[in-house]
Amino acid sequence: MKQFRSVRGHRPAARGLPGSPAARLVAALAALVAGLVVVLVPGPATAAPVCKVDYTTNQWPGGFTASVRLTNLGSAVSGWTLRWTAGAGQQITNAWSAQVSQSGTTVTATNVGWNGSLATGGTTDFGFQGTWSGSLTTPSDWSLNGVPCGGTSSPSPSPTPSPTVDHSPSPSPSPSVSPSSSPSPSPSPSASPSPSPSPSPSVTPSPSGCSGTGLVVCSGFEDQSGTPSGEWQVTTPNCSGTGTATIDTATVHSGGRSLRINGGGNYCNHIFAATTKNVSAVSPVVYGRMWVRHTTALPAGHVAMITMADSRDGGKDLRIGGQNGALQWNRESDDATLPEQSPSGVALSAPLPVNRWVCLRFQIDTTQQAMRTYLDDQEIAGLRVDGTPTTDVDAQWLRRSTAPRPTTFRLGWESYGGDSDTIWYDDVALGSSPIGC
């Protein structure tokens with residue numbers, strides 16, 4: 001009993017003396033318990049994919065276009081680089097909505113300013129054109145920021161409940177900074193934040209899009225309902241059929257309305273909405289911008305979507321449309337195309353992406369033969385006229401030396417074969433100064 005009382009009598013002293021053996025034992029046990037509770041080490045990497053790639057092509061002998069939709073299944077990124085191996089005999093010649101380069105059979109695509117940020121589950125679209133020989137194969141070894149899309153590792157592995165003892169004086173409650181674990185790898189190609197992206201096609205334009213100087217047309221169709229009227233008039237040159245033009249409230253780029261065109265196959269099923277504004281007042285360069293969305297990829301046959309009567313060519317139309325799956329200009333008077341419809345010429349153009357809003361811009365110089373066209377702020381090389389003949393691009397176009405003088409502006413659909421499409425137009429502007437997206 002004396003020994004028992006002696007031990008009890010010393011307990012208060014042990015608690016009051018920080019340096020005593022009992023106090024040190026208590027502190028060590030507390031640290032051990034804390035380490036067991038809060039420190040977790042990432043377990044084995046899961047096989048969850050970090051990305052998904054949807055890849056579709058449109059091909060012809062010796063040439064092709066490819067549309068790529070990248071879905072980020074890992075952690076959010078502020079910039080992305082997608083790599084893959086091209087088939088032997090494939091060579092990329094042009095790209096849009098991404099910076100695409102090729103070294104041997106290794107292809108690298110990097111985001112442009114407006115589409116670098118991808119949240120988990122976020123998607124972005126880009127495309128390219130190229131030439132091929134032998135056979136046109138589909139890539140299967142995609143990797144996002146260095147991690148295979150099929151992934152044997154995940155960009156952000158989840159911790160497993162496997163505990164470890166943290167012997168440091170101040171155990172951290174965060175698994176990612178435990179001395180026995182490595183920080184979760186970032187899928188971003190740069191450790192520093194990327195610069196603020198320029199406006200994405202999915203971002204609503206600011207009101208300044210209609211505040212520039214020299215704008216003759218600036219319309220989001222907000223003052224319209226039902227069938228276009230007032231500043232927009234429905235027109236069906238020469239004949240009419242099943243095509244319709246209506247004001248839509250379900251699919252819009254900004255605001256609450258857009259122009260919807262249901263264009264039928266064959267010429268007489270065409271339909272247009274024409275501005276009543278005085279387009280002849282726009283000079284010396286005609287700048288145009290519109291947001292476009294459509295449902296069916298541009299066909300192999302010839303179609304037109306935007307037409308402008310040229311007073312210096314007998315009132316015949318300048319047309320923006322498509323052929324062989326890619327955008328083109330066409331001149332009604334002599335059927336000249338820009339680019340020329342050879343495989344090499346078409347490869348210098350670009351398709352019009354489907355099922356998303358894209359920004360289409362153009363400029364037409366009325367003092368000389370000079371034109372430029374942009375898709376999502378990327379210039380399309382095959383749709384450029386600069387007065388100097390370019391093989392497979394503008395030799396046909398330069399057969400006519402007189403610069404065009406547009407006097408009308410129409411949005412719609414016209415098919416010279418059996419091809420139909422549904423197209424929406426929104427945030428349309430036409431003026432004598434450059435107009436941004």
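Run the numbers on the range 234-295 and let me know its relative contact order in percent, using alpha-carbon pairs under 8 Å that are six or more apart. Don't skip to the answer; put the middle values down first.
Numbers: 72 pairs, mean separation 20.8, N = 62.
This gives 34 percent for the range 234-295.
Can you compute 3J(HN,Hα) from phi for each residue in the range 218-235, using the Karplus curve 6.51 cos²θ - 1.76 cosθ + 1.60 with θ = phi - 60°, rounded to whole Hz and x for Gly and Pro?
The phi angles translate into 8, 9, x, 6, 6, 8, 10, 7, x, 8, x, 8, x, 6, 10, 10, 6, 9 Hz.
Over all directions, the average projected area of the alpha-carbon convex hull for the range 221-297 comes to how many nm²?
6.5 nm²
If Lys and Arg each add +1 and Asp and Glu each add -1, what is the summed charge of the other residues whose beta carbon sits under 12 Å from the beta carbon of Arg331?
Values: positive: Arg312, Lys316, Arg319, Arg399, Arg400; negative: Asp310, Asp313, Asp317, Glu332, Asp334, Asp335, Asp394.
Here the count lands on -2.
Measure of size requested: the Rg and Dmax of the range 327-437, with Cα atoms as the atom set and Å as the unit; please supply both.
For the range 327-437, the Cα radius of gyration and maximum Cα-Cα distance read 14.3, 38 Å.
Under a 5 Å amide H to amide H cut-off, with H placed in plane at 1.01 Å, what residues pair with Ala336 once short-range neighbours are removed?
Distant-sequence amide H within range of Ala336: Arg331.
With +1 assigned to the C-beta of every Lys and Arg and -1 to the C-beta of every Asp and Glu, and no other charges, what is the dipole magnitude of the range 324-437 about the Cα centre in debye, to the nearest 20? Provide the component values of the computation, followed by the final result.
Values: 9 positive and 16 negative charges, 54 e Å.
In debye, rounded to 20, the range 324-437 gives about 260.
So, for the range 300-437, what is the accessible surface per residue at a probe of 1.4 Å, expressed in square angstrom?
Numbers: 4240 Å² over 138 residues.
Result: 31 Å² of accessible area for each residue.
The values are calculated or read from the model by the stated rules, or taken from the named source; none is laboratory data. Model, not experiment: these values are computed from the prediction. A quick note on method: Cβ atoms are made from the backbone with ideal geometry, for glycine too, and the neighbour counts reach across all protein chains shown. The accessibility values were calculated without ligands, DNA or RNA, using every heavy atom of the protein model including side chains. Shrake-Rupley method; radii C 1.70, N 1.55, O 1.52, S 1.80 Å.
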